[in-house]
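K.L.:
This is the structure I want to talk about, given as structure tokens.
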Amino acid sequence: MNEDKSFRLLTALAGVIGVILVASFRINPGPPAGASLTTILDYGRQHATSIALGGWMQGMGSVFNILFAVGLMELTGCTRKLSGWVTLLSGAGILATSLAESGLYFAALEAGRTGDTSTLVTTLTLIKGVQHVYLIVPALLLPLAWAILRSRILPAALGWSGLAIGAALQILGVAGVFDTLQPVVDTLLIVQGLWFLAASLALGIPALRMAAVAPSRRPSAAMVG
């Protein structure tokens, strides 16, 4: 029982940390749209620290988000079911894509420092291409929400809302290939982050309450004597 509570708390903590790190990536809004190469170079020099920190936060945030997803799937008992395998597949794709994008940010910074404008332009183009890959891999919320509904480990509202958000992201993954929907995608990803936060709190708060109540239920030495 203690191991189960500890596992729940660690899983919930991973979810909260992941949301905070990914949200903190917004400290770097990026250069203005349509900016000239000179403006981009100046922007990179002025914001080098925030760009590097933001890239690290994005990569580490994705690691914690996937840890939360895998931990939650274990708690639902669906690890060896289809939903569990899809979660692992989606998590691996998201993590690989996130780390690739983070690496491209670091490459762009290095190209800007050395004045290698050809590499800088190529890297910025690759970043935009990699961002589309997030919506090509299976939406992580789809198997997670399905497992939640089957196991009832979290409120059913989180399961149904997760299915809705995941389905919307999956549809945008197709539509986004033919149209510029990045503002819509960004808004939906914020909603997904809020879902992860709500799921983490819904998992962790009851475990904290049980941990706080448990010591008071143990018999005192006087009662045992």
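The values are calculated or read from the model by the stated rules, or taken from the named source; none is laboratory data. Quantities reported herein were computed from a predicted structural model and do not represent experimental measurements. Cβ sites come from the backbone with ideal geometry, for glycine too, and all protein chains shown count toward neighbours.
K.L.:
Considering every residue within segment 113-122, establish whether at least one is within 19 Å of residue 192 (Cα to Cα) and of a type outside the set (Gly, Ala, Ser).
P.N.:
So the first thing to find is which residues in segment 113-122 are within 19 Å of residue 192 (Cα to Cα), and the list is none.
So far as segment 113-122 goes, no, none of its residues is within 19 Å of residue 192 (Cα to Cα) and of a type outside the set (Gly, Ala, Ser).
K.L.:
Take segment 80-95 and flag every residue that is in a helix (DSSP H, G or I) and either touching a strand residue (DSSP E or B) at 6+ places or on another chain (Cβ under 9 Å) or surrounded by 14 or more Cβ atoms within 10 Å (Cβ to Cβ) (or both). Spell out the reasoning first.
P.N.:
Keep residues of segment 80-95 that are in a helix (DSSP H, G or I), which gives 82-95.
Within segment 80-95, 83, 84, 85, 86, 87, 88, 89, 90, 91, 93, 94, 95 meet the criteria.
K.L.:
Quick one: count up the residues across segment 109-121 that are surrounded by 21 or more Cβ atoms within 10 Å (Cβ to Cβ) and within 16 Å of residue 57 (Cβ to Cβ). Quick ask: steps written out before the conclusion?
P.N.:
Restricting attention to segment 109-121, the residues satisfying the condition of being surrounded by 21 or more Cβ atoms within 10 Å (Cβ to Cβ) are 112, 120.
Now restrict to residues that are within 16 Å of residue 57 (Cβ to Cβ): none.
Here the count works out to 0.
K.L.:
Moving on. Restricting attention to segment 1-30, which residues are aromatic (Phe, Trp, Tyr) and either over 13 Å from the mean Cα position of the chain (by Cα) or at pLDDT 90 or above (or both)?
P.N.:
Within segment 1-30, the subset aromatic (Phe, Trp, Tyr) is 7, 25.
Scanning segment 1-30 gives a single hit, 7.
K.L.:
Report, by residue number, each residue of segment 25-66 that is over 23 Å from residue 93 (Cβ atoms), of a type outside the set (A, V, I, L, M, F, W, C) and either in contact with a Cys (Cβ under 9 Å, 6 or more places away or on another chain) or part of a helix (DSSP H, G or I) (or both).
P.N.:
Our first condition is that a residue be over 23 Å from residue 93 (Cβ atoms); within segment 25-66, this holds for 27-53.
Imposing the further condition that a residue be of a type outside the set (A, V, I, L, M, F, W, C) reduces the set to 28-32, 34, 36, 38-39, 42-47, 49-50.
Correct list: 38, 39, 42, 43, 44, 45, 46, 49, 50.
K.L.:
Do we find a residue being without any contact (Cβ under 8 Å) to a residue 12 or more places away in the chain, more than 17 Å from residue 22 (Cα to Cα) and either in a loop (DSSP other than H, G, I, E, B) or among the hydrophobic types (A, V, I, L, M, F, W, C) (or both) anywhere in segment 67-79? Explain how you work it out, then say what you get.
P.N.:
First pass over segment 67-79, keeping only residues without any contact (Cβ under 8 Å) to a residue 12 or more places away in the chain: 79.
Add one more test, that the residue is more than 17 Å from residue 22 (Cα to Cα), and what stays is 79.
With the extra rule that they be either in a loop (DSSP other than H, G, I, E, B) or among the hydrophobic types (A, V, I, L, M, F, W, C) (or both), the set shrinks to 79.
Scanning segment 67-79, I find at least one residue that is without any contact (Cβ under 8 Å) to a residue 12 or more places away in the chain, more than 17 Å from residue 22 (Cα to Cα) and either in a loop (DSSP other than H, G, I, E, B) or among the hydrophobic types (A, V, I, L, M, F, W, C) (or both), so the answer is yes.
K.L.:
Could you tell me whether any residue of segment 145-152 is at pLDDT 80 or above, basic (Lys, Arg) and in contact with a Cys (Cβ under 8 Å, 6 or more places away or on another chain)? Quick ask: steps written out before the conclusion?
P.N.:
Of the residues in segment 145-152, the ones at pLDDT 80 or above are 145-152.
Those still in the list that are basic (Lys, Arg) too: 150, 152.
Within this subset, residues satisfying the condition of being in contact with a Cys (Cβ under 8 Å, 6 or more places away or on another chain) are 150.
Within segment 145-152, one or more residues are at pLDDT 80 or above, basic (Lys, Arg) and in contact with a Cys (Cβ under 8 Å, 6 or more places away or on another chain).
K.L.:
A further question follows. Give me a count of the residues in segment 36-66 that are touching a helix residue (DSSP H, G or I) at 6+ places or on another chain (Cβ under 8 Å), without any contact (Cβ under 8 Å) to a residue 60 or more places away in the chain and under 30 Å from residue 117 (Cα atoms).
P.N.:
Of the residues in that region, 13 qualify.
K.L.:
Select from segment 150-162 the residues that are among the hydrophobic types (A, V, I, L, M, F, W, C) and buried (at least 16 other Cβ atoms within 10 Å of the Cβ) and write down the one among them that is nearest to the chain's Cα centre (by Cα).
P.N.:
Pass one, segment 150-162, residues among the hydrophobic types (A, V, I, L, M, F, W, C): 153-154, 156-158, 160.
Of the ones still in play, those that are also buried (at least 16 other Cβ atoms within 10 Å of the Cβ) are 153-154, 158.
Working: 153: 20, 154: 19, 158: 16 Å.
Going through the qualifying residues, I end up with 158.
K.L.:
Here's something else I'd like to know. Assess whether residue 33 counts as being at pLDDT below 85 and aliphatic (A, V, I, L, M). Talk me through it step by step, then tell me what you get.
P.N.:
Numbers: at pLDDT below 85: yes; aliphatic (A, V, I, L, M): yes.
Yes, satisfied.
K.L.:
Please pick out the residue among 125, 119 that is in a helix (DSSP H, G or I) and in contact (Cβ under 8 Å) with a residue 12 or more places away in the chain. Before you say what the answer is, go through the steps one by one.
P.N.:
Values: 125 fails: in contact (Cβ under 8 Å) with a residue 12 or more places away in the chain.
Answer to the check: 119.
K.L.:
Within segment 140-170, track down each residue that is over 15 Å from residue 68 (Cα atoms) and of a type in the set (Gly, Ala, Ser).
P.N.:
Within segment 140-170, 151, 156, 157, 159, 161, 164, 166, 167, 168 qualify.
K.L.:
If you go through segment 128-148 one residue at a time, how many are assigned to a helix (DSSP H, G or I) and either crowded, with 18+ Cβ neighbours inside 10 Å or touching a residue at least 60 places away in the same chain (Cβ under 8 Å) (or both)?
P.N.:
Narrowing segment 128-148 to residues assigned to a helix (DSSP H, G or I): 128-133, 141-148.
Retained after the next criterion (residues that are either crowded, with 18+ Cβ neighbours inside 10 Å or touching a residue at least 60 places away in the same chain (Cβ under 8 Å) (or both)): 141-148.
Result for segment 128-148: 8.
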